[in-house]
Amino acid sequence: MALLVANIRYWPTVAPLVRAQIDRYKQHARAIHDPTLQAIALDKLDDQRFHAQVAATLATLAPRAHRRNAVKAIVAVEVMYDYFDGVTEQPTPDPIADGHQLCQAFTDAVSIDREFTGNYYALRSQADDHGYLQALVTDARDALAQLPSASAITPVAECCAARFAEAQIRAHAIPQLGSTQLQEWATSQAAGTGLGWLEYFAGATSTVLGLHAMIAAAANPHTTPHDATQIDKLYLYIGVIVTMLDSIIDYERDMSATGQPGYTRYYQDTDELLRGLTNATRQAMTLARTTPNAAHHVMTLTGVVAFYTSAPTATSPFAAAATTHIQHELRPLITPTLLVMRAWRAAKRARRAIPSARS
């Protein structure tokens, strides 16, 4: 039922807003002066626009009167996150300090009562983005400020933003600084969460989804700081699942491209990986059922798993064991979302085949 309601709301009231906003950002990105920053911005908007579309499904939780602003804030934050991911991959003399300077943009975006912190590119030679990053911050901040419970989520939202930014910064600093700095940070932060450092790092990397869920909750006038804390904890676990499944289904591609796996390389064996994935899934389901708008969050959890485990690469020898196992954990709830994802993927294949047939 939650899946049905979300689709009824998404296609007429959310999807058109996402498309329009992405198109507007593409126009701005084309005007970026620095060629490297322009290439990153346009590449992310083209190749990862699906991220914004998926993130905006959470806006279907927002009352209709506040849905537009919820969508605007969510899309701006997601585009900023993808852009940040690309920029922090670029080499710099001090990747940690530079990353911290850049990630002030996220603090500015969710701290509606705070002054802007200043030049996000202060430590970079590539800096002339024609106001692109500032525009994303302003859009997110202005839209969030219009939501009735924005102040209720702000403290937790700031911590969430700092967490996923730090995880990205430290992951991208590994080629220059090694992995010890990442492990030390994740170990200290994981204390009291019930997660090991590997799972905490995985969850932190993808908890931008939790920030989107908090923005959607801010559209509800009854949302409390406690609700924001519950959402944050839930999506930390969902983030573990996102990162792990993404790396699992991309295992063979990563090996072919770089000669080594992605996130999965930190695990000693497949059994350890499966244990971490299973624990995160069970904890996420338990938390989802006790979080406000529980049905929607359960649907989001099953949707995340269905998306990754329905991918063509999910049937590879390495991925098959994990994807089959995690689907079994979530049956029967995952069945309708799996059907939707498989139908969506079949429709995409059919659309791609049409130009080939014509030619």
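Coordinate-derived values only; no laboratory data. From a predicted model like this one, the values you see are computed outputs, not experimental measurements. Please note: Cβ atoms are built from the backbone with ideal geometry, for glycine as well, and neighbour counts cover all protein chains shown.
Descriptive notes on the structure:
- In sequence order, calculated HN-Hα J values of the range 153-161 (Karplus, 6.51, -1.76, 1.60; Hz; x Gly/Pro): 9, 3, x, 6, 4, 4, 5, 4, 4
- A simple packing score, the average count of other Cβ atoms within 10 Å per residue, orders the peptides 333-344, 94-105, 201-212, 227-238 as 201-212, 227-238, 94-105, 333-344, with the highest score first.
- Taking the average, over residues, of other Cβ atoms within 10 Å as the packing measure, peptides 5-18, 35-48, 63-76 rank 63-76, 35-48, 5-18 from highest down.
- Look at PHE84, PHE318 and count the other Cβ atoms within 10 Å of each Cβ; fewest to most, that gives PHE318, PHE84.
- Shape of the range 130-220, Cα gyration tensor, a/c cut at 1.5: oblate
- Normalising the average separation of contacting C-alpha pairs (under 8 angstrom, six or more residues apart) by the number of residues puts the relative contact order of the range 159-281 at 23 percent.
- For ARG342 and ALA320, the FRET efficiency from 1/(1 + (r/R0)^6), where r spans their Cβ atoms and R0 equals 22 Å, is about 0.90.
- Dimensionless Rg over Rh [the chain; C-alpha; Kirkwood]: 0.94
- Within the chain, helix-based [θ] at 222 nm, where runs of 4 or more DSSP H residues each add -39,500 (n - 2.57), nearest 500: -24500 deg cm²/dmol
- Think of each Lys and Arg Cβ as +1 and each Asp and Glu Cβ as -1; about the Cα centre, that makes the dipole of the chain roughly 1700 debye.
- Taking the number of Cβ atoms within 10 Å of each Cβ as an exposure proxy, the fewest-first ranking of SER256, SER316 is SER256, SER316.
- Ranked list, fewest to most other Cβ atoms within 10 Å of each Cβ, for PHE116, PHE164: PHE116, PHE164
- Label positions at THR335 and GLN181, each projected 7 Å from the Cα along the C-beta direction, are separated by 5.0 nm.
- Qualifying lysines (Cα of each under 17 Å from Cα of LYS72; at least 8 residues distant if same chain): LYS26
- For LYS348, a cut-off of 22 angstrom between C-alpha atoms picks up these lysines, skipping any fewer than 8 places away in its own chain: LYS44.
- R0 of 41 Å, Cβ-Cβ distance HIS328-ASP128: FRET efficiency to nearest 0.05: 0.20
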